[in-house]
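In what follows, a structure is listed as structure tokens, so that the remarks can point back to it.
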Amino acid sequence: MVNAQDAHERAAPVRTRGRPRSFDRATALHKALMAFWEHGYEATSVSDLTRIMGIGAPSLYAAFGAKRTLFEEVVRVYADTHAVFGERALAEGPTARAAVARTLREAAAAYTDPAHPYGCLIVHAAANSNSPEVGEPLRDRRNATIAALEARIRADIAAGHLPPGTDAGALARHTGAMIQGMSQQARDGASRAELEALAEIAMAIWPHD
């Protein structure tokens, strides 16, 4: 169901002309990121955003488009900064096992860092979203991460780092479930040490070569 606010946001024109912006775009974007991270997409209204970002609605629309396009930019920034540890671990780890172990350890630290909202924005922001335009791109990102991990596991099987009978798809999805579950646990108050203990248990089930 499309509510009145969403309908207004979709109808709002993307303004590209007018007076020069009198605010710092990067700072405003960071504030929007924190708001979406803390409250999710649906619960963060345009009025919330203008108040938190310290700008008027016309400035928001002119600089970022509608609420949804602002959120899309926020997700890109988040993926390239706060969430980049997973991609980096997969690229730098000598094996899939090492990459996953590092990812889970770093997730435990990142998801409980008091410098920002707890958990993962990409997991949390779409949890209560009724909009396919919002939810589907986030789902695609999560699925792409699992697919990349599965490909790495398959490569390790071929190289003899994992047993031939290893179920690469199931192992990759187990890792995805752990990451998503750790995000929710962090939001529910789990400490870094508690999440690190979960990571150790998760790695204990990995098959050995």
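The values are calculated or read from the model by the stated rules, or taken from the named source; none is laboratory data. Since the model is a prediction, treat every value here as computed from it, not as a measurement. Glycine gets a Cβ as well: all are built from the backbone with ideal geometry, and neighbour counts include every protein chain shown.
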Open item on the list: Quick check on I157: is it more than 25 Å from the chain's Cα centre (by Cα) and assigned to a helix (DSSP H, G or I)?
Closed with: yes
TODO: Go over the candidates A91, A62 one by one and state the one that is under 28 Å from A101 (Cα atoms) and either more than 16 Å from the chain's Cα centre (by Cα) or not in a helix (DSSP H, G or I) (or both).
DONE: A91
Open item on the list: I'd like the full set of residues that are surrounded by fewer than 19 Cβ atoms within 10 Å (Cβ to Cβ), touching a residue at least 40 places away in the same chain (Cβ under 8 Å) and either in contact with a Pro (Cβ under 7 Å, 6 or more places away or on another chain) or not small (G, A, S) (or both), limited to the range 33-72.
Closed with: M34, E38, E42, V46, P58, R68, T69, E72
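Condition check ((1) surrounded by 13 or more Cβ atoms within 10 Å (Cβ to Cβ); (2) in contact with a His (Cβ under 6 Å, 6 or more places away or on another chain); (3) at pLDDT 95 or above) across all residues:
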position: V77; (1), (2), (3): yes, no, yes
position: T95; (1), (2), (3): yes, yes, yes
position: P114; (1), (2), (3): no, no, yes
position: A125; (1), (2), (3): yes, no, no
position: L138; (1), (2), (3): yes, no, no
Open item on the list: Among the residues in the range 132-140, are any small (G, A, S), assigned to a helix (DSSP H, G or I) and within 11 Å of the chain's Cα centre (by Cα)?
Closed with: no
TODO: Evaluate the range 181-190: report whether one residue or more is in the same structural domain as I122 (by TED's automatic domain parsing), assigned to a loop (DSSP other than H, G, I, E, B) and at pLDDT below 95.
DONE: no
Open item on the list: Given the condition of a type in the set (D, E, K, R) and in contact with a helix residue (DSSP H, G or I) (Cβ under 6 Å, 6 or more places away or on another chain), answer yes or no: does some residue in the range 107-129 qualify?
Closed with: no
Open item on the list: Looking at I55 and the list (1) more than 27 Å from T145 (Cβ to Cβ); (2) outside any loop (DSSP other than H, G, I, E, B), which single condition is not satisfied?
Closed with: (2)
Task: Out of E72, E42, sole residue that is assigned to a loop (DSSP other than H, G, I, E, B) and among the charged types (D, E, K, R) - done: E42
Open item on the list: Tally up the residues in the range 106-131 that are part of a helix (DSSP H, G or I) and aliphatic (A, V, I, L, M), please.
Closed with: 7
- [ ] Assess whether E196 counts as being part of a helix (DSSP H, G or I), without any contact (Cβ under 8 Å) to a residue 40 or more places away in the chain, touching a helix residue (DSSP H, G or I) at 6+ places or on another chain (Cβ under 9 Å) and closer than 17 Å to A101 by Cβ.
- [x] no
- [ ] Answer yes if at least one residue in the range 16-25 is aromatic (F, W, Y) and either at pLDDT 95 or above or in contact with a Pro (Cβ under 8 Å, 6 or more places away or on another chain) (or both), and no otherwise.
- [x] no
